[in-house]
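The values are calculated or read from the model by the stated rules, or taken from the named source; none is laboratory data. As the structure is a prediction and not an experimental result, all values here were calculated from the model. As a convention, Cβ positions derive from the backbone with ideal geometry for all residues, glycine included, and neighbour counts pool all protein chains shown. Accessible surface areas use protein heavy atoms only, side chains included; no ligands, DNA or RNA. Shrake-Rupley method; radii C 1.70, N 1.55, O 1.52, S 1.80 Å.
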Amino acid sequence: MNDEYYRDFGPFGDRIWINCAHQGPLPRVAVEEAYQAINWKITPYELVSERFSSVPARLKRSLARLVGASPSEIVLGNSASYGLHLLANGIPWHKGDEVLLVYSDFPSDILPWLALEKQDVIIRYIKPKDYLPEPEELETNITPSTRLFCTTWVHSFSGKTADIEALGKICKAHNIIFAVNASQAIGARPLDVSGLPVDAVISVGFKWLCGPYGTGFCWIEPKLVKSLVYNQAYWLTMQTADDLGRKESEVRLPEGLPNAGTYDVFGTANFFNFKPWTASIEYLLQHGIERIAEYDQQLVSQLIDGLDSRKYRLMSPREETVRSTLVFISHKDSQRNTEIYQTLKEKGVEVAFRRGKLRLSPHLYNTKEDIERALAVLNAVK
Ligand SMILES: Cc1ncc(COP(=O)(O)O)c(C=O)c1O
């Protein structure tokens, strides 16, 4: 058994979790940090001022390393929706501006922009032939009014990966803001924003980054952050609880333009979530995202190659350039997918059922044996 990573997670009991696209499990190092955070709260004298600043600072350092940015460029959030709403509400829109979205994208990528119609911003959808737009499909949908294009990197309902470099180049050429939701990718594939034509990368922390639920972040290109007009001013990003002990002074907004820290989610120290999440990210970084991505793809290959092709159709891409860690399959009689999903559950194999298909999404904590067990159940189906 390849248990290099497996032994650092769980225990999973007698079940296997091939559903990281829904929730990633906490590694044990993160569980330890969560217990420490609980202990701080059991005895609140442990919640010293220094911890209010060190918890977010350490998290920002790890996220910055993860995406190839500076810690000062990271906005801490509690979801993907947080960062997407920040952009939707903060960009100064003009009447007639157009936001380009992808028709079958995850709701978090659609909803934040819809209310902009009240400001006479036009919302338009690309309806790609195959879930996510190819560069030509983006190019043909751009108009002189297009101001922003938002897409997911890895599509939650098909497993297809967008070519963000090619899409980003087109956006740059047309002076369009390019916002990428990396929730289904980051942690399972490397990312370096310093070399990519993207303006904002948004992600949850609770899937491939193996953090607690209620975590997320975004990286926003510094010039774009400065241009945001959004009413947010959180005292703990400007002073500490210790400052409250000093003489009364006038409460004022900081001078100058906003930076990423201005927009951190309130409750930025959020010990229960951010402390373990940091440990999860540090764990992934310590093992190396490239190596983890390679390992994940071995599991994906094993799954795809082992599937009985007389019974199942692979519904997600097979080619390595476009496939991801989200594998979609369907029985040739697609009506049977619900029943197969139930059988897998009864046999202790946890996968997801999305838009009529079975979705299997393995990550580093899974082993070859996990995939064999899932295949044995799937292929035994008549
Ligand atoms: C692409 C994508 N974005 C976002 C989310 C969740 O977003 P939020 O944190 O806004 O609930 C999911 C899945 O839950 C997803 O698949």
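Brief remarks follow.
- Heavy atoms of H174 accessible to a 1.4 Å probe, total area in Å² rounded to 10: 80
- Theoretical FRET efficiency, 1/(1+(r/R0)^6), r = Cβ-Cβ of L244 and H22, R0 41 Å, to 0.05: 0.50
- For the chain, the share of accessible area belonging to carbon and sulfur comes to 52 percent (1.4 Å probe, ligands and nucleic acids excluded).
- Accessible surface ranking that places the most exposed of Y283, Y230 first, with a 1.4 angstrom probe: Y230, Y283
- With protein chains left intact and a 1.4 Å probe, residues in the chain average 46 Å² of accessible area per residue.
- At most 16 other Cβ within 10 Å, DSSP loop - trypsin sites (Lys or Arg not before Pro), the range 236-321: R246, K247, R252, R310, R318
- Inverting the pair-averaged 1/r between distinct Cα atoms of the chain gives 22.0 Å as its Kirkwood hydrodynamic radius.
- Relative packing of 219-226, 29-36, which averages over residues the other C-beta atoms within 10 Å, highest first: 219-226, 29-36
- Toward the positive end of the charge dipole of the chain, with +1 on the Cβ of Lys and Arg and -1 on the Cβ of Asp and Glu, the farthest Cα among A162, W277, N379 is that of N379.
- In whole angstrom, the range 32-184 maps to an equivalent ellipsoid with semi-axes of 36, 17, 15, each derived as √(5λ) from the alpha carbon gyration tensor and ordered largest first.
- The chain: most fluctuating residue of S156, S227, S280 per GNM, C-alpha cutoff 10 Å: S227
- Diffusion coefficient, µm² s⁻¹, Stokes-Einstein with Kirkwood Rh over alpha-carbon pairs of the range 308-382 at 25 °C and 0.890 mPa s: 193
- Above-threshold pairs, the threshold being 26 Å between Cα atoms, out of K95/K127; K95/K129; K160/K207; K172/K275; K60/K368: K95/K129; K172/K275; K60/K368
- FRET E, pair A57, D8, Förster distance 25 Å, beta-carbon r, rounded to 0.05: 0.50
- Kirkwood radius, the range 170-310, all distinct C-alpha pairs, inverse of mean reciprocal distance: 18.3 Å.
- Placing +1 on each Lys and Arg Cβ and -1 on each Asp and Glu Cβ, with no other charges, gives the chain a dipole about its Cα centre of roughly 760 debye.
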